[in-house]
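Here's the structure, in C-alpha cells; my notes come after.
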Amino acid sequence: MKILVIEDEPEIRNDIMQSLQQENYVVESAPDYEAAREKLGVYEYDCILLDIGLPGGNGLQLLDELKKEGKQSGVIIVSAKGSIDDKVKGLDLGADDYLSKPFHMAELRARIKSLIRRKKLGGSTTIEINNVIIHTEQRAVYINDTQLQLNRKEFDVLLYMATNRNRLVNKTALAEHVWGDYIDEVNSFDFIYSQIKNLRKKLKEQHARIEIQAVYGVGYKLTDI
Amino acid sequence: MKVLNYITSYLAIILLVIISIWAGIFYYAMLGEIYDSIDDGLDNQKGLILQKVAVDSTILNKVGFEEGDYAIREISAETARNFRDVYSDTSMFMQNEQDFEPVRLLNTAFEHKGRYYQMQVVTSMVEEDDLVRELLYALIWLYAGLIITILILNNFLLKRTWRPFYQLLAQLKNFRLEKPVVETPPTKIEEFRLLNEAVQKMVQGTTDSYNSQKHFIENASHELQTPLAISINKLEALAEGGRLTSEDAKLLQTALNNLERLTRLNRSLLLLSKIENRQFASEEDVNINELVNKIIADFHDQLQFNNLSVEMAEQETCTVNMNHDLALIMITNLVKNAVVHNYKGGKITIDIRRNSLTVGNTGKAEPLNRERLFQRFYKEDETASSTGLGLAIVKAIAEAYGFSVDYSFRQLHLISVSFNK
C-alpha cells in the first residue's frame, strides 16, 4: 500500500509520515508543487494526500491533471482554508474525500482506511481483529459468529477504534468523528466515557479478544487481548 | 427642521423687521416730499392771486373761501409788518365729501396801493390715514410676495443647489461597513465637493481599518492552526509512546486539553471572521423543522447522558433562505448552549413558528445579562471551559442575514431567532 503525502509544512509532513509508516504503509512525500508533479508523473500511488495550498502551484491543479490522465489513485484533499469552495471544487474534480486542517492523526488514518476499503473493488469490506469481525457496509459486528447488538454510535466508536487499532485515539478526535464537528465542549466528554463503558461491557460479555483501554485520560486505544 | 425651512424662517423674520423700518422711513420721506410740493403750489397760487389783484381790485373784498380757494382781509400796517408766511395743516368742510377734510393753508400778507391785507390760500391735502393704509397694504403685499418668492426659490433653486448634499446624506444613512460604497454625485459647488472628498476619504479609511482588522483575525487564526496541530500531534505521539509516569501523563493531559481548547477557540474565531467576511455565499431554502429534528437526534447521547428532556413544539413549518451550513451551525450552537448551561434532569423546549425559532432551557434561577449574553468571550461562569463564542456566532449569523436574536427569561432561559428580515 503506497501513499504520497503532498504537504509543505515540514513538521506536519513528518507527523503524517511517521503516523502512516507505523501502520506499515509505504509513504513518500513531496514538499511542493513541482516535486509532487514529478512523483506523480513517475510512480503510481494507492492513495494521495493532497494539500491545496502549495508553494509553486495549487493542489487542485494537480488533482485535475491526475484525473485527466485517468489515474486510479484515491485522493484525499487537505485544506487549511477549510473553505467550502475548495471542498466543492475538489470533490467535483474527483477527489474521494476532504479533510480540513487541523485534523487528528486518528481521523486521517480512519479516512485513509475507509478510502482504501472503498477502492478495493470486490474486496472485503470487513475488518477482522482476532475473533471480532466488523462488516463496514452492513454495519454489523460478529464475535465468534454471534452478532453483537450495538447502537449506531457504539458501532461508529468501535469502527473508529478498530481502524486505529493499537493507536492512541484522542478523546476530541473520537467525539468529533462520531458526534460531529460541533460537539466540542469539554464537559460533554464525560458522556463519551459512558458510551465507551457500555461498549466495553458488551465486548466483554461476548468474550471479544479486543478491549478499549483508556490512555492517561488523553484518549483510548483498542488493543488485542 | 430642514436647513431650507430654517433659512426661510430666518429670512421671514429679518424681512419683517427690515420692511417695517424701511416703511417708517419711506413714509416720512414721502410725506416731506408731498408737503414740499404742496407748499410750492400754494406759493405759486399766491403769486397768481397777487397778479390778479393788480388788474382786478374787486377780489380784495373776497372775505370767505366760498367757491375759490383763497380769502383776503385787510389788516393794519403794524400787524402786516410783523407778518410771516406760515404754512399749516387744518381742516375744511368739503362739499363733495360732506365732511371735514385735511387742507394745507398758507397764511400770508401783502401790500396793495398803500393798504395792507392778510391772505389765506388753501389747497386740499393728502389724507394721512388713507396714505398709511395704502402704504400698509402695499407693504403687506410686498412682504407676502417676497416670502412666496423665497419659498419658490428654496423649492427650486436651493433644493437644486443642495441636491448633492441630500444625496450624500441619503447614502450615508444607508452606509454599512459590509458594503462600503458611497457614490458622491459630481458638483460644481466647492463646499459640497470638499464634503464629498472628505466623506470619501473617511469611508475609505474606516473600511480599510475594518477590513484589515477582519483580515487580521482571520490570518491570525489561520496561522495559529498549524503550530497548534503540530503541538497536539507531538503530545499525542508522546502519550502513545507509553513511557510516561502517571505524573507526566497528568501534565500531558492538561497541556493537551488546553491546546485543544485553544484549537476550538481559534476555530470559532475563524468561523466568526468567515461569517463576517461573507464567505458563506450559497443560499437555499432551509427547512428549519427538519434541521432541528436532525440536530436533536445528533445530540441524543448527550441529552440522555445529562438526563435532559426535550419538549418540541412545531407550531408551523419554518423555511428560511440561507446558507445550509450556517443554519446548521446556528441551531447546533443554540441547542448546545441549552445543553451545556443546563442541570442534570433539566428541560429543553423548542418552539418553531413560521418565522421564528425559540430554544429554552432550565438553568440558573435568575435572568442572565441580556446585553452581554451575545458578546464575544462573555461567560456567565468564568471557570467554564466553553469558548464564550457560541452565542456570538449565533448573533453573527443572524446579523449576516438581518435576523434578530433576543433573550428573555420566563422560568426558562429563552433565546429566540426571528427570521423576519
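The values are calculated or read from the model by the stated rules, or taken from the named source; none is laboratory data. What you see is a predicted model, and the numbers here were worked out from it, not measured in a lab. Cβ coordinates were reconstructed from backbone atoms using ideal geometry, including for glycine residues, and neighbour counts include every protein chain displayed.
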>> Please go through the range A:9-44 and give me each residue that is part of a helix (DSSP H, G or I) and more than 17 Å from A:D64 (Cα to Cα), ordered by number.
In response: A:P10, A:E11, A:I12, A:R13, A:N14, A:D15, A:I16, A:M17, A:Q18, A:S19, A:L20, A:Q21
>> Residues that are over 21 Å from A:K113 (Cα atoms) and either within 12 Å of chain B (Cβ to nearest Cβ) or touching a strand residue (DSSP E or B) at 6+ places or on another chain (Cβ under 9 Å) (or both): does the range A:17-24 have at least one?
In response: no
> When you look at A:I192, is it at pLDDT 85 or above and either touching a strand residue (DSSP E or B) at 6+ places or on another chain (Cβ under 8 Å) or closer than 16 Å to A:A106 by Cβ (or both), yes or no?
Replying inline: no
> Is it true that B:K421 is within 20 Å of B:A327 (Cβ to Cβ), exposed (fewer than 15 other Cβ atoms within 10 Å of the Cβ) and out of contact with any Cys (no Cβ under 7 Å at 6 or more places or on another chain)?
Replying inline: yes
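Condition check ((1) free of Cβ contacts under 8 Å to residues at least 60 places away in the same chain; (2) surrounded by 13 or more Cβ atoms within 10 Å (Cβ to Cβ); (3) of a type outside the set (D, E, K, R)) across all residues:
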| residue | (1), (2), (3) |
| --- | --- |
| B:K2 | yes, no, no |
| B:G24 | yes, no, yes |
| B:I38 | no, yes, yes |
| B:T108 | no, yes, yes |
> Only one residue in B:L244, B:L251, B:L270, B:L259 is over 51 Å from the mean Cα position of the chain (by Cα) and facing chain A (nearest Cβ under 9 Å). Which one?
Replying inline: B:L244
> Here are some conditions: (1) outside any loop (DSSP other than H, G, I, E, B); (2) of a type outside the set (D, E); (3) without any contact (Cβ under 8 Å) to a residue 60 or more places away in the chain. B:I415 meets all but one. Which one does it not meet?
Replying inline: (3)
>> I'm checking my understanding of the structure. Among residues of the range A:201-218 that are within 22 Å of the chain's Cα centre (by Cα) and under 14 Å from A:A162 (Cα atoms), which one is surrounded by the most Cβ atoms within 10 Å (Cβ to Cβ)?
In response: A:I212
> Taking the condition within 14 Å of chain A (Cβ to nearest Cβ) and exposed (fewer than 14 other Cβ atoms within 10 Å of the Cβ), does B:H222 pass?
Replying inline: no
>> Which numbered condition in (1) of a type in the set (D, E, K, R); (2) more than 8 Å from every other protein chain (Cβ to nearest Cβ); (3) within 25 Å of B:G388 (Cα to Cα) is the only one that B:E284 fails?
In response: (3)
> Is it fair to say B:R160 is more than 30 Å from B:L31 (Cα to Cα) and among the charged types (D, E, K, R)?
Replying inline: yes
> Among the listed residues B:L135, B:L169, which satisfies the condition of being modelled with pLDDT under 85 and not acidic (D, E)?
Replying inline: B:L135
